[in-house]
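The values are calculated or read from the model by the stated rules, or taken from the named source; none is laboratory data. Just so we're clear, the structure is a prediction, and the values are computed from it rather than from any experiment. Here the Cβ is made from the backbone with ideal geometry for all residues, glycine too, and neighbour counts use every protein chain on show. To get the accessible areas, we keep the full protein, side chains included, count just its heavy atoms, and leave off ligands, DNA and RNA. Shrake-Rupley method; radii C 1.70, N 1.55, O 1.52, S 1.80 Å.
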Amino acid sequence: MREMCQFSDVNIRPMRDDERLIVRSMMRRAFSFIEQCYFEWTPNILVVERDGQLLGAIVLKLFALPHHRKGGTISWLSTVPEARGQGLGQYLVEAGLDFLERQGCDEILISVEGFNTSSSKLFAMRGFGILSPGGQFRRYGLATFAVWARLSHYFEWGYFLWTRPAPLEADSAILQWWGTIAVNSAIALLMVWRMGDARVMEPMMWLALPLIFIILFGLRYLGMWLAAYRQGIQVRFRPWESGFPFSMAIALVFGAMYPIPGGVYPTTTQWRYRDWLPNLGWITLAGTLPVLLLIGGVSILAPMDITPPYLEAWLNVTLWLGKPLILFDIAMPFFPFIAFNGRRLWDWNKIVWGVMAVATTIVWLF
């Protein structure tokens, strides 16, 4: 990798071996400790320098795709804080994409968090598009899971795969929502089976789990959609497919439920998270508050001896599924749970988040 690119007053060139410590230091400043655990060196790393000083780096990866095709990705991108806002990240992306294309990549895949609007806008303007879960399996078949492994997509809840060339077929948010219900229901059955509960074979359990997910996720989605509609914002549902394997592992190993509800996002790619945060705050509050009130009411009603046995069983199942949902969707706003609504509440209004988190904790404990 001998290429060097000139952008304005900076040079982009391959990293030298003696610059590893500097690049590693930049990554530590840009990413959290947990995110750093996934960092890996590759033979293809470009750095940007000005007057001999390194200001940023991009880590590129090449890998095989089905049918003897080649894929490439941008694994990491970082610039030093004092150089932010100078367009260095865009220079690095341009150089990285140019390198991957000259290496003969048939496709370039990028994993971007759904609310990372600076990155999604950058890639959308360069011919990338989101490849839906169905599109991934149509394109790669069972090798989709191998592609996820190459991209570390298993550990990126709320991240979407952007590809170039962009997918030509339109995806269906409705089918994706119902698919989310179905997969979460199947994982919940695994949880019940792992707990040694004989009711996993009862028709009531097969009926209760999907219906309760429809109620919980339906309240969440409907509240968010109505709040967006009142503000004149067009939104759509997107699933978090990368979270399902982890959720399944939690169900099998610990007999616990880690719900993967998916999220609601503006339909446009031309938006800035900070500018839209006041709107997103009300949208997320409208989605989380009804679910919190429902689970709070059920937690009060369930211990009372005023409900018939068949209704008591349904209330207990609602708590099994609902308590983990409000815990992760409200009270856990930090990485790796940043795709959940709690992060939007935290960024929007920390007092509102605090009240919701305290209420969630009380419902969870009592």
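Numerical summary
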| quantity | calculated |
| --- | --- |
| All positions within region 85-104 that are in contact with a Ser or Thr (Cβ under 9 Å, 6 or more places away or on another chain) and over 30 Å from Val235 (Cα atoms) | Gln86, Leu88, Tyr91, Leu92, Leu100 |
| Some residue of region 357-365 being under 22 Å from the mean Cα position of the chain (by Cα) and open to solvent by 40 Å² or more (accessible area, probe 1.4 Å) | no |
| Residue within region 262-273 that is closer than 23 Å to Met191 by Cβ, of a type outside the set (Ser, Thr, Tyr) and open to solvent by 20 Å² or more (accessible area, probe 1.4 Å) present | no |
| One residue from Trp225, Trp193, Trp206, Trp177 being in contact (Cβ under 8 Å) with a residue 12 or more places away in the chain, assigned to a helix (DSSP H, G or I) and surrounded by fewer than 18 Cβ atoms within 10 Å (Cβ to Cβ) | Trp206 |
| Check on Gly281, within 18 Å of Trp177 (Cβ to Cβ), surrounded by 16 or more Cβ atoms within 10 Å (Cβ to Cβ) and either at pLDDT 95 or above or out of contact with any Ser or Thr (no Cβ under 7 Å at 6 or more places or on another chain) (or both) | no |
| Criterion (of a type outside the set (A, V, I, L, M), under 28 Å from Phe155 (Cβ atoms), open to solvent by 50 Å² or more (accessible area, probe 1.4 Å) and out of contact with any Lys or Arg (no Cβ under 9 Å at 6 or more places or on another chain)) met by exactly one of Trp320, Trp314 | Trp320 |
| Strands (runs of 3 or more DSSP E) completely within region 1-115 that count 1 or more residues being modelled with pLDDT of 80 or more and surrounded by 14 or more Cβ atoms within 10 Å (Cβ to Cβ) | 10-14, 44-50, 53-65, 69-79, 107-113 |
| Count of residues meeting criterion [in contact with a strand residue (DSSP E or B) (Cβ under 7 Å, 6 or more places away or on another chain), modelled with pLDDT under 90 and closer than 21 Å to His67 by Cβ] in region 116-154 | 3 |
| Qualifying residue in region 155-169 (condition: part of a helix (DSSP H, G or I), surrounded by fewer than 18 Cβ atoms within 10 Å (Cβ to Cβ) and among the aliphatic types (A, V, I, L, M)) | no |
| Per-region count, region 242-254, residues under 18 Å from the mean Cα position of the chain (by Cα) and open to solvent by less than 10 Å² (accessible area, probe 1.4 Å) | 3 |
